[in-house]
Each structure stands twice: as structure tokens, then as C-alpha cells.
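First the structure, in the form of C-alpha cells, and then the observations on it.
The values are calculated or read from the model by the stated rules, or taken from the named source; none is laboratory data. All values derive from a computational prediction rather than experimental measurement. Don't worry about glycine lacking a Cβ; one is built from the backbone with ideal geometry, like all the others, and counts go over all protein chains shown. Each accessible area value is taken on the protein alone, full model and side chains, heavy atoms only, with ligands, DNA and RNA left out. Shrake-Rupley method; radii C 1.70, N 1.55, O 1.52, S 1.80 Å.
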Amino acid sequence: MAERNDKTVATLARQKLFKGLDRAAVEKLLSSTDAKVKQFERGEVVLHQGDRVRSLAIVLSGRLNVIQVTRDGAEVIDYTVKAGGVVGVSYVLQRSEPFPRRIEAAESSEVAFLDIAKLREAIKSSSYAGLRENLIRTLVGLVSECQKKLSVVGCWEIGDKVMTYLEGLAGETGKREVKIPFRTSAEFAQYIGVNRCALSRSLSQLARKGVLSHVGGTFYLP
């Protein structure tokens, strides 16, 4: 692994994916799966569309965007993976297929990669009985995120897309002040599948109606 081995192991041991495993077990798992840590700068591609997923990616810091290219060539952010999140978990539980999306760093990010073939072998051991359950929970969480995304993009009007998304965040935090996990308005527009200028107009209209106000990426709902 990278030079900061102790720090990396400690960071990974705190991830939800390894809940229930002690540090020694995590360290052994990282060794047996040839774990590697890489740094990506904003905009750098982590995985190209069509590549086979050979490693489970765990985001240690920063944020990754999983991007879909539509038939007309537009790029839409399917979902964002924040620190602690995982990409490729379904490929641990099933045969690896070409990845249908592109993954790129939304900001400077540090990502750990574990060899999937070796991880499959590891989870057969009784020593990692809880890890398989954690993988399934992670996959269920991803399905939930996709369902939330569908509820947003399924709205016809841009204003409805915005409000559905923001109300969803407010529901999760219990607060009417929410911070979106996007660096720019263009990235927000890319997530909900609309043009950036159209999103800007819609936000102005919603603000005039008193439905919301915002400063940068922080939105205030009445």
C-alpha cells in the first residue's frame, strides 16, 4: 500500500463497509486483496465507460461523480459518491461486466482499490462473515439512492425537480437549511438532467415566489 500505511489502515477500518471487523482483520484483508490508494484531481477519470470493474473503490476523501452519457450526447450525473462511499460493490456479488458509466473525481479525492476477485475469495472465509452482509447493505443503500434520483428526474418541470431534490435532503437532515453536494451550479444541473441556464432561471423564479432562497450551494426552504 501507500507510504502512509498505518493512517490508511486506520481510515479504512472506520469505513461502514468494514463495520464489525477489528483493525487486524481489516489489515489482513487489505493485504490479501492487494489494496492500493490513489489520488485523483478534479475532473480526472477514475473509470472509463466500458471498462471492466476489477477493483472495489472506497472513497477515503473527496467525492466522485458517476456519469451517464445520454443518446443525444448529454452528460448526466447518476449519483455522487462521498467520502466513506463505495463504487463497484455489485461486482463483488456477481460476475464483473463492463461498467456502463464513467466515474470521475468531482474534487481532489483519495480512493482505495481492492482487487475484486481476491475480495470474493476472502468473503468466503468465516473470518469475514460480517463483510458480506455489509456489502449487501451497501448495495441496498445504492438502490435507495437510485430511487431518489428517479423521483427527481421523473418530474416534468425543472422547478419540481429542484424542489423534490431539496425536500428530499431536508427530510434526511430534518433541517430546512440544506447544502447540496455539488461544487457548481453546472454540476447541480448535470445531476437533475437540465441545462445550467435553465436551472438558473428556475431558481430565480422559485426565489421570486418565496419558495426558496440560496447562497451558493446552501438552500433555505420555508
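Worth a mention:
- The chain - mean residue ellipticity at 222 nm from DSSP helices (-39,500 (n - 2.57) per run, n ≥ 4, rounded to 500): -12500 deg cm²/dmol
- Per residue, the accessible area of region 78-143 comes to 46 Å² when a 1.4 Å probe rolls over the protein heavy atoms.
- Taking trypsin sites (Lys or Arg not before Pro) across region 153-222, the ones in a DSSP loop with at most 16 further Cβ atoms lying within 10 angstrom of their Cβ are LYS175, ARG176, ARG183, LYS209.
- Label-point separation, GLU145 to HIS48 (7 Å along Cα→Cβ), nm: 2.4
- Qualifying chymotrypsin sites (Phe, Trp or Tyr not before Pro) in region 77-163, DSSP loop, other Cβ atoms within 10 Å at most 13: TRP156
- The distance between label points at ALA207 and LYS38 comes to 4.0 nm (points 7 Å beyond Cα on the Cα→Cβ vector).
- Computed from the C-beta positions of GLU97 and TYR220, the FRET efficiency with R₀ = 41 Å rounds to 0.45.
- Extension reserve of the SER61-LYS124 stretch, reckoned as 0.36 nm per residue once the Cα distance is removed: 19.8 nm
- In nm, spacing of pseudo-spin labels at ALA74 and CYS197 (7 Å Cα→C-beta vector): 1.4
- Correct option for Rg/Rh (Cα atoms, Kirkwood Rh) [calculated from the coordinates] among [x] 0.95; [y] 1.08; [z] 1.01: [z]
- Region 1-156 - percent of accessible surface contributed by carbon and sulfur, probe 1.4 Å: 50
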